[in-house]
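FYI, it's all coordinate maths here, none of it is from the lab. All of these numbers come straight from a predicted model, not from anything done at the bench. We place every Cβ from the backbone using ideal geometry, glycine too, and count neighbours over all the protein chains shown.
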Amino acid sequence: MNKEKLKYERQRKKILKQALIDINTYGFNENMLIQAAKNCNFSKGTVGRLFPEGIYEMKEYFFNQTDIEMLKKINQIENKDIRIRDKIYNGVIIRLEIFQKNKDSIKHIFVSESSTPIKSIRNLWNTADLIWRSAGDTSTDYNHYTKRLLLSWVYLSTLLCWFNDKSKNIKETKLFLNRRIDEVLKFGKTSANIKSRISDFNIFNKLISVIKDLKSIKV
């Protein structure tokens, strides 16, 4: 990576870090992004260069940086003898632990996801895909899509639980996640045809419903 690219990345990371502080004061909007840049001693023009698509590009960058950190932490775990089910559980919990340090700010970000359901599904899909791949999944058939849709629903519904969890070490969230994973696994075992399985479980509608529920998060 050349010097200009390194400088570009450093500036984007600096604004993102400041934005996760300022979002609690100004909310998730363009003014917050400009204020965050100002607090970093960057001009409005610099913001336009670093995030030409504005606040939503910054949000995509935030998710991208979270992905990088999540995979780094997952790869630090010796998981050769761990069940696939537990690898999936670990992946979701690691992501929530990364979010924990900016929990209030992240609420604002996910509330904004409720207004763009298609983009939200894409972001959820990317997260689910990374977790499945890190667990060793190499499927390319219809099962590939089923797994990622189901995990997207499991992850997002668990995230909603986590936002309201005040238990020590997010105990309630961990119990909730275990129940959701068991529910999906149980359903998979009782349905013979994989194509009818996803239809019967009505997963897409469940996912859209949870995305809409994001707007009810108290920020």
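Laid out as a table, the results:
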item: Long pairs among Lys17/Lys168; Lys7/Lys44; Lys17/Lys38, criterion Cα-Cα beyond 19 Å; result: Lys17/Lys168
item: Loop-located GluC sites (Glu not before Pro) in segment 1-107, at most 16 other Cβ atoms within 10 Å (DSSP); result: Glu53, Glu78
item: Segment 105-172: trypsin sites (Lys or Arg not before Pro) in DSSP loop, at most 11 other beta carbons within 10 Å; result: Lys166
item: Net length gained if the chain between Lys38 and Glu78 were fully extended (0.36 nm per residue, minus Cα distance); result: 10.1 nm
item: R0 of 35 Å, Cβ-Cβ distance Asp141-Leu6: FRET efficiency to nearest 0.05; result: 0.30
item: 19 Å Cα-Cα reach of Lys215 towards lysines, excluding residues that sit fewer than 8 places from it in its own chain; result: Lys59, Lys103, Lys107, Lys119, Lys206
item: Degrees, to the nearest 10: 117-134 long Cα axis against longest axis of the chain; result: 70 degrees
item: Loop trypsin sites (Lys or Arg not before Pro), segment 28-59 (other Cβ atoms within 10 Å of the site Cβ: 11 or fewer; DSSP); result: none
item: Near-label residues of segment 10-30 by backbone N, under 17 Å of a point 7 Å along Cα→Cβ of Ile68; result: 10-20
item: Cross-link reach list, aspartates and glutamates versus Lys101, counting only Cα pairs under 17 Å and skipping chain neighbours closer than eight places; result: Asp22, Asp67, Glu69, Asp165
item: Relative contact order for the chain, counting Cα pairs under 8 Å that sit 6 or more residues apart, in percent; result: 21 percent
item: C-alpha long axis of helix 203-213 to longest principal axis of the chain, angle in °; result: 40 degrees
item: C-alpha long axis of helix 55-75 to longest principal axis of the chain, angle in °; result: 50 degrees
item: Gaussian network model of the chain, Cα within-10 Å springs - most flexible of Ser152, Ser120, Ser167; result: Ser167
